[in-house]
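Below: the structure, in structure tokens.
The values are calculated or read from the model by the stated rules, or taken from the named source; none is laboratory data. This structure is a prediction, so every number in the text was calculated from the model and none was measured. Quick reminder, even Gly has a Cβ in these numbers, built from the backbone with ideal geometry, and neighbours come from all protein chains shown. In case anyone asks, the SASA skips ligands and DNA or RNA and just uses the protein heavy atoms, side chains included. Shrake-Rupley method; radii C 1.70, N 1.55, O 1.52, S 1.80 Å.
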There are 2 protein chains.
Amino acid sequence: MEINSVQNSKVKTWMKYHQKKYRDTDEKYLIEGEHLIEEALKVNVVDVLLVRKGKEHNFGYHGDIYVLEDHVMDKLSKNVSSVNYIAVCKKQIYEIKDNTRLLLLDAVQDPGNMGTIIRSAHSFGFDGIYLSEDCVDIYNEKVIRSTQGALFHLPIINCDLQMKVEELQKGGVEVVATALNEEAVYLGDYTPKASIALIMGNEGSGVKESLIKKADKVMKIEMANFESLNVAIAASICMYELRKG
Amino acid sequence: MEINSVQNSKVKTWMKYHQKKYRDTDEKYLIEGEHLIEEALKVNVVDVLLVRKGKEHNFGYHGDIYVLEDHVMDKLSKNVSSVNYIAVCKKQIYEIKDNTRLLLLDAVQDPGNMGTIIRSAHSFGFDGIYLSEDCVDIYNEKVIRSTQGALFHLPIINCDLQMKVEELQKGGVEVVATALNEEAVYLGDYTPKASIALIMGNEGSGVKESLIKKADKVMKIEMANFESLNVAIAASICMYELRKG
């Protein structure tokens, strides 16, 4: 089927998925580009595939496909360079099945940081991520792009972090918050228990004081010059050191 | 002095510093926001300070100060949220004085990655960074913002990387390239020599094959799932492990 107008009702619906509230209501979101679409197809979350008119595709996808004229495709895309493929995806039902290595994110707001952290968490074999309600939406286009597809493979769940910390502690998980405190133990000196949950905080203000108080341990990264690190960097260094296997 | 028009000749000159070619010609660039300006003042690179009309400032700066009306300030700023202070800075003359820990960047193009790498390199006590000519300009606004001011404290020099590698090797520096090769040694198994130079590559294509061939060692980061990492993450993990002190 071909679509040649941005006034088309389907296009109008898809356009809304640039906004969180419509992604939440319909439980759908958009992804752009070949690599992400290939990753999404592996986990079967593609609902509709949109192809730029005149472009071939080789995805082996047998669901609904629409061919969009250039100006419709360009209107729908958030990418700076022109993309030939967009997919409308259904949100996955995530479940965290193992508590060996967990990441807890407290108010991480920058989409690039969020996406990069998800990518690293997958690389270092973490079992899942719990997000506080005030984190950036993981279905934001910039987040998805920065994950490079890792969000399809790693369970990520929004929750009340304060309650989650208590629940994990009751289940025998050691909760470790990161902060540049005097009393914090160095990452290199920390021996992780069998099950740990690492808390990383907001770009400006770090982990909330109430969460630091609840944590079993507070940890910091050794540095030559004690400036703060970017949160995606700090999270990835910790996950590298505490990785599985 | 007050400026109330974007047609003012000084404003026109400053506007040009959003483009690399004019930054190169005049050896000047713009920075925005209190934190960066405070860091720039420490190393004495501020040439002119621009203040939004009606805003106080407490920088203790005694050079040229201009007060800009709102619409002039907003026109000059690249920031999404409105800033009250902009500084026109002079490029520093950088000199790398020690060869103990060097970072070599081959065609790193994303401004956020470049800035974050510079920030981490400073945190982990690296002595300086050599950039290939096809890296993103470090005086790009997004790079500067992501460095959080680290570029004022760490020497960064553009050069021919192929020649620089040979020169460093002649001087007894071990050159270590990063790549996801079969033969690459794991970061955790690598014992750095007294002087090392770490090469990180382009976001899409990694370190150029010609540089990998020249390197004394090839190294990779241990992962549970062998996906590629974001280059700023990979660089920072390596620099953390190989940090001074």
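Projecting the Cα positions of B:His18, B:Val45, B:Cys89 onto the charge dipole of the stretch B:2-90 (unit charges on Cβ atoms of Lys, Arg, Asp and Glu, taken about the Cα centre) puts B:His18 furthest along the positive direction. Basic side chains Lys and Arg get +1 at the Cβ, acidic Asp and Glu get -1 at the Cβ, and with that the dipole of the stretch A:101-241 about its Cα centre reaches some 320 debye. Between B:Glu222 and A:Glu166, the simple label model (points 7 Å from Cα in the Cβ direction) yields a spacing of 3.7 nm. For A:Lys75, the aspartates and glutamates whose Cα falls under 19 Å of its own Cα, not counting residues fewer than eight places away in the same chain, are A:Glu2, A:Glu32, A:Glu34, A:Glu141.
Given chain A, report the % of alpha carbon pairs whose separation exceeds 31 Å. Present the calculation step by step, with values, prior to reporting the outcome.
Numbers: 9134 of 29890 pairs.
Result for the distance tail: 31 percent.
The GluC sites (Glu not before Pro) of the stretch A:96-183 that meet both conditions, a loop assignment by DSSP and at most 16 other Cβ atoms within 10 Å of the site Cβ, are A:Glu133, A:Glu182, A:Glu183.
Given the pairs B:Lys20/B:Lys208; A:Lys12/B:Lys142; B:Lys20/B:Lys142; A:Lys193/A:Lys220, which are separated by over 21 angstrom at their Cα positions? Checking Cα-Cα distances, B:Lys20/B:Lys208; A:Lys12/B:Lys142 exceed 21 Å. B:Lys10 contributes an accessible area of around 90 Å² to the protein surface, as traced by a 1.4 Å probe with all chains present. Across B:Lys142, B:Lys42, A:Lys214, the residue with the most accessible area heads the list, and the full order at a 1.4 Å probe is B:Lys42, B:Lys142, A:Lys214. The average projected area of the stretch A:2-90, computed from the convex hull of its Cα atoms over all directions, is 5.5 nm². Its Cα centre serving as origin, chain A has a Cβ charge dipole (Lys and Arg +1, Asp and Glu -1) of approximately 480 debye. Between identical copies, the spacing of A:Asp70 label points, each set 7 Å from Cα toward the C-beta atom, reads 4.0 nm from nearest to farthest.
A simple spin-label model places pseudo-atoms 7 Å from Cα toward Cβ; at B:Asn79 and A:Asn79 they are separated by 3.2 nm. Sorted from shortest to longest, the distances between the A:Ile96 label points of this copy and the other copies are 4.2 nm, with each point 7 Å from Cα along the line through the beta carbon.
Extension gain for the segment B:Lys244 to B:Glu34, taken as residue separation times 0.36 nm less the Cα-Cα distance, is 72.6 nm to one decimal.
Within the same chain, lysines fewer than 8 places from A:Lys42 are excluded, and of the rest, those with a Cα less than 20 Å from its Cα are A:Lys28, A:Lys90, A:Lys91, A:Lys97. Measuring between their Cα centroids, the stretch A:25-49 and the stretch A:180-217 lie 35 Å from each other. Full extension of the segment from B:Asn8 to B:Glu203, taken as 0.36 nm per residue of separation minus the current Cα-Cα distance, would add 66.2 nm.
All C-alpha to C-alpha distances of the stretch A:101-241, sorted into 10 Å bins beginning at zero, yield P(r) values of 12, 48, 34, 6 percent in whole numbers.
Ascending distances from the A:Ser228 label point to its copies in the other chains, with the point 7 Å along the Cα-to-beta-carbon line: 3.0 nm.
Beyond 36 Å, how much of the Cα-Cα pair distribution for the protein assembly as shown remains, as a whole percent? Spell out each step's value before the answer.
Numbers: 45992 of 119805 pairs.
So the pairs more than 36 Å apart make up 38 percent of the total in the protein assembly as shown.
Computed from the C-beta positions of B:Cys159 and B:His62 and an R0 of 25 Å, the FRET efficiency is 0.10 to the nearest 0.05.
FRET efficiency for the pair B:Lys21 and A:His71, taken as 1/(1 + (r/R0)^6) with r the Cβ-Cβ distance and R0 = 45 Å, rounds to 0.90.
For the stretch A:1-39, which GluC sites (Glu not before Pro) are both in a DSSP coil and crowded by at most 15 other Cβ atoms within 10 Å?
Values: sites: A:Glu2, A:Glu27, A:Glu32, A:Glu34, A:Glu38, A:Glu39; in loops: A:Glu27.
Of the GluC sites (Glu not before Pro), the ones in loops of the stretch A:1-39 whose Cβ has at most 15 other Cβ atoms within 10 Å are A:Glu27.
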